[in-house]
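Notes for the one structure printed next.
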Amino acid sequence: MSRSGLLHLGTAQRGRRHAAALAVAAVALAVCQLAPAGAVGAATAGVSSAATQPAPCPPVPGQPSGGSVRIMIVGDSISEGSSGDYTWQYRLYEHLRADGVSPQMVGPYNWLFNNVTNVDGDCSYADPRFENAHDARWGMTLFSEKAVIGGKVATYRPSYLLVLLGLDDIYWYGVSQSGMAANLKSFIAAARAARPRIRIVLGLIPPDIHQQTDPAFAASIASYNQTISSTAAQLSTIASPIAVAQDGTDINVAADLWDGTHPNANGEVKIAAGFTVRPSSTAGQAVLSWTLSPGAEGYYVYLRDVTRGETAFTQLPWPLSPAQDPWTAGLLTTGDTYAFKLQACKGADCGAFSNVATVTVP
């Protein structure tokens, strides 16, 4: 079965100021001590301009290249990562390879941000043996990227656009909710103008310490996350589907984030637990695949029809076995957008839910 319609969701790895974020392969796809506000501001100020852009990281032995699925990750520091990170891009890349997909990561950059010297161009990936091209920079905002994303899409020709932007717009620049909504629509329109059949995954802004300590900021984030979901539902089409990554699912700020914002090892494990959903080549069907949880003997599938306004998930009656990955969901309504999530079980003990993945059914 063709994988050209792949949609993959999950969460994020280390970066600047979300807690766990996307994972989304158009679709696909995140502690404890808060970094001083002054240090974060200095890091943002240290982002290199185009005129001082560093040289690309050189290839390393064993690093793959090429692939049949072109993916471009667009984001700020949580997507770019910093010195010594694996990055969530690495986690996504490894997951897709394990699922039989050979992605080609594309974009204008391939480095990390040096969080000690506040300079871009660091190549000290924890494991550099993956395709690391991306379009992510510390301090990147939605309002700035909407003006240039069309040119980048035209140049790098991604089939899938994985987007995790907006937190910096709200936190640092105080962009209004109406402005955020307009900027998101402009971003989508520009990407589609350059590539009409592009598939887009929008990551929600996950929990962090600022949302716990600043009620007004938390309300702004919640409102923007609702805007992301409603915009995706409104603008998603069969030709250019838009999915939403529920990347903050099950993130515990104290346990999963090393500074109240960025993921530690616990957060990385939760990010890697994401699953994928993609349209089938058969009308009325979608194909689910997921990362197996150690010791899990069964997986319950939950779904809801977003298009029909369903707010509660329905559990399918029988759990899937590990051998049933991937699994095809049938009897779905053509043209409707569905949300799926999985729950892993060991015997009678069922654990936390996965992130939520959405797909528009052919």
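Here Ala193, Ala136 are screened, and the one residue that is under 19 Å from Ile205 (Cα atoms) and not aromatic (Phe, Trp, Tyr) is Ala136.
Go through the residues of segment 298-306 one by one and say whether even a single one is more than 22 Å from Thr231 (Cβ to Cβ) and either touching an Asp or Glu at 6+ places or on another chain (Cβ under 9 Å) or hydrophobic (A, V, I, L, M, F, W, C) (or both). For segment 298-306, residues more than 22 Å from Thr231 (Cβ to Cβ) and either touching an Asp or Glu at 6+ places or on another chain (Cβ under 9 Å) or hydrophobic (A, V, I, L, M, F, W, C) (or both): present. Only residues that are closer than 23 Å to Pro241 by Cβ, of a type outside the set (A, V, I, L, M) and surrounded by 15 or more Cβ atoms within 10 Å (Cβ to Cβ) were counted across segment 282-306, and they come to 8. Apart from one condition, Gly166 fits all of (1) closer than 21 Å to Ser144 by Cα; (2) of a type outside the set (S, T, N, Q); (3) touching a strand residue (DSSP E or B) at 6+ places or on another chain (Cβ under 6 Å); the exception is (3). The one condition from (1) modelled with pLDDT of 95 or more; (2) in contact with a helix residue (DSSP H, G or I) (Cβ under 8 Å, 6 or more places away or on another chain) that Ile205 does not meet is (1).
Report yes if some residue within segment 127-134 is surrounded by fewer than 19 Cβ atoms within 10 Å (Cβ to Cβ), in the same structural domain as Thr52 (by TED's automatic domain parsing), out of contact with any Lys or Arg (no Cβ under 9 Å at 6 or more places or on another chain) and small (Gly, Ala, Ser); otherwise report no. No, segment 127-134 contains no residue that is surrounded by fewer than 19 Cβ atoms within 10 Å (Cβ to Cβ), in the same structural domain as Thr52 (by TED's automatic domain parsing), out of contact with any Lys or Arg (no Cβ under 9 Å at 6 or more places or on another chain) and small (Gly, Ala, Ser). So in segment 144-192, with the set limited to residues that are among the basic types (Lys, Arg) and in a loop (DSSP other than H, G, I, E, B), which one is surrounded by the most Cβ atoms within 10 Å (Cβ to Cβ)? The residue in question is Lys146.
Of all residues in segment 80-115, exactly one satisfies the criterion of being β-branched (Val, Ile, Thr) and crowded, with 24+ Cβ neighbours inside 10 Å, namely Thr87.
So that you can scan it fast, the table gives a plain yes or no per residue for (1) surrounded by fewer than 19 Cβ atoms within 10 Å (Cβ to Cβ); (2) modelled with pLDDT of 85 or more; (3) of a type in the set (S, T, N, Q):
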| site | (1), (2), (3) |
| --- | --- |
| Thr261 | no, no, yes |
| Gly267 | no, no, no |
| Ala312 | yes, yes, no |
| Thr328 | yes, yes, yes |
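The values are calculated or read from the model by the stated rules, or taken from the named source; none is laboratory data. A quick note: this is a predicted structure, and the numbers were derived from the prediction, not measured. Quick reminder, even Gly has a Cβ in these numbers, built from the backbone with ideal geometry, and neighbours come from all protein chains shown.
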